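Presented below is the structure to which this report refers.
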Amino acid sequence: MKYEEIEEGKELSKNQKREKLHISPLIVFMGPAVCILLLFFFIPAVLTGLLSFTSMDENFKWDFIGVKNYLSIFSDPLLRKVILNTLIYTFSTVIFFTVGLATLLALLTTNVSRRTGNIFRIIWLLPRLTPPAVYSMMLLWTFDTTKYGVVNSLLKDLFGSLPRDFIGLHPMVVIIFAGGFISASLGMLVLSAAIETIPKDYIVAAKLDGASGLQIVRRIILPLIKWPLSVVVTFETVAQLTNFQRIMLITGGGPFYATEVWSLYTFHQAIENFEMGYGGALGLILVVTSIGVVLIYWRLFALEKYIQPAKVEIR
């Protein structure tokens, strides 16, 4: 009996050790991600929040002034235009490129040979992999006001028209095109993968029943890719809300604040005008707005319905 009790105690101690070891893989795999979130997202957000309650300028003094920076926002004469520019840029990019063009490209690339579709996706992804400075310089060359610009050169050769200043005359259209071209690449990639997972039997059965190509897209494909499309729209909306690098390099927010979006305005106030406290207030509002947009999309698209519980229980 004593021997059996000793062996049973050994087994219990081994099981307890195993239960403790189950935690270690979770820490190993989640640890780096948690550290990155803390260092590059959570801590900067907290510092931005603290900064928004100060009057910090080029002297870098933490003089706390309460909510004066937030009250100053309501009397900012440029803020109405900045908000309008932000809404136009963000939702035009998401609607026409993230949803419209990306879905069209996904449908086209999944209806050709796999090799051709993959080559097309790789080429379209190149701008997204290109550094923002290089991509912006290429876009400036494309819309260059002289006859050596790509667009002006084509217009001259095809129609004999004179060079046009597209960036000066239509700056919002140019930055929407710049952001949308990259936004469509991610949507195309995700939606193409989603379309390829649809069982071919659905398509064949629909064709046998006499369904047209448009009816197949509308009744079968689009409902089945609702989940990935919702995720892409949510991600790209937040990405375009916080994007300012390409806009800063292409138009600088001009001409006459025609392309000054919220994120770029925050950068100008904090870095160029050295109103870091006011810039911190604008930045914190942008963070809260992004979280609010995600929560709205979460309810609007009912994303919780698409999240399945784990089939394997981890103890």
Inset, instruction - Can you tell me the FRET efficiency between VAL150 and GLU58 if r is taken as the Cβ-Cβ distance and R0 is 41 Å, rounded to the nearest 0.05? - result: 0.50
Legend entry - Least to most buried among LEU107, LEU191 (fewest other Cβ within 10 Å first): LEU107, LEU191
Legend entry - Proxy reagent accessibility, fewest Cβ within 10 Å first, across ARG218, ARG115: ARG115, ARG218
Legend entry - Added length on full extension, which subtracts the Cα-Cα distance from 0.36 nm per residue, ILE95 to LYS68: 6.1 nm
Inset, instruction - Give the residues of segment 114-138 whose amide nitrogen is closer than 16 Å to a point set 7 Å from the Cα of ILE203 in the direction of its Cβ. - result: 114-118
Inset, instruction - Please list, in chain and number order, the residues 5+ apart from THR54 or on another chain whose amide H is under 5 Å from its amide H, with Hs placed from the backbone. - result: ILE65
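Hey, with R₀ at 35 Å, roughly what FRET efficiency would ILE216 and ILE296 work out to, going by the Cβ-Cβ distance, to 0.05? Provide the component values of the computation, followed by the final result.
Working: r = 31 Å, r/R0 = 0.89.
Efficiency for this residue pair is about 0.65.
Could you tell me which of rounded, prolate or oblate describes the chain, using a ≥ b ≥ c as the square roots of the eigenvalues of the alpha-carbon gyration tensor, with rounded for a/c under 1.5 and, failing that, prolate when a/b is larger than b/c and oblate otherwise? Spell out each step's value before the answer.
Numbers: a/c = 2.41, a/b = 1.20, b/c = 2.01.
It is oblate, given that a/c is not under 1.5 and a/b is not larger than b/c.
So what is the 222 nm mean residue ellipticity for the chain from helices alone, if each DSSP H run of at least 4 adds -39500 (n - 2.57) and you divide by all residues, rounding to the nearest 500 deg cm²/dmol?
On the way: 17 runs with 208 residues, N = 315.
One gets -20500 deg cm²/dmol as the mean residue ellipticity at 222 nm.
Sort out the exposed loop GluC sites (Glu not before Pro) in the chain (DSSP loop, at most 10 other Cβ within 10 Å) and tell me the longest stretch that has none.
59-312
Sort MET138, MET172, MET188, MET276 so that the residue with the fewest other Cβ atoms within 10 Å of its own Cβ comes first and the one with the most comes last. Could you put the intermediate results ahead of the total?
Working: MET138 13, MET172 16, MET188 28, MET276 22.
Taking fewest neighbouring Cβ atoms as first place, the list is MET138, MET172, MET276, MET188.
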Inset, instruction - Rounded to whole Hz and in sequence order, give me ³J(HN,Hα) for segment 201-209 from the Karplus expression 6.51 cos²θ - 1.76 cosθ + 1.60, θ = phi - 60°, writing x for Gly and Pro. - result: 4, 4, 5, 5, 5, 5, 5, 5, 7
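Starting from the Cα-Cα distance between ILE285 and ILE36, subtract it from 0.36 nm times their residue separation and give me the gain in nm to one decimal. All intermediate terms of the calculation are to be shown ahead of the outcome.
Details: separation 249, 0.36 × 249 = 89.64 nm, distance 2.23 nm.
Result: 87.4 nm gained on full extension.
Every number here is computed from the coordinates shown, using simple stated rules; none is lab data. Here the structure is a predicted model, which means the values were calculated and not measured. A quick note on method: Cβ atoms are made from the backbone with ideal geometry, for glycine too, and the neighbour counts reach across all protein chains shown.
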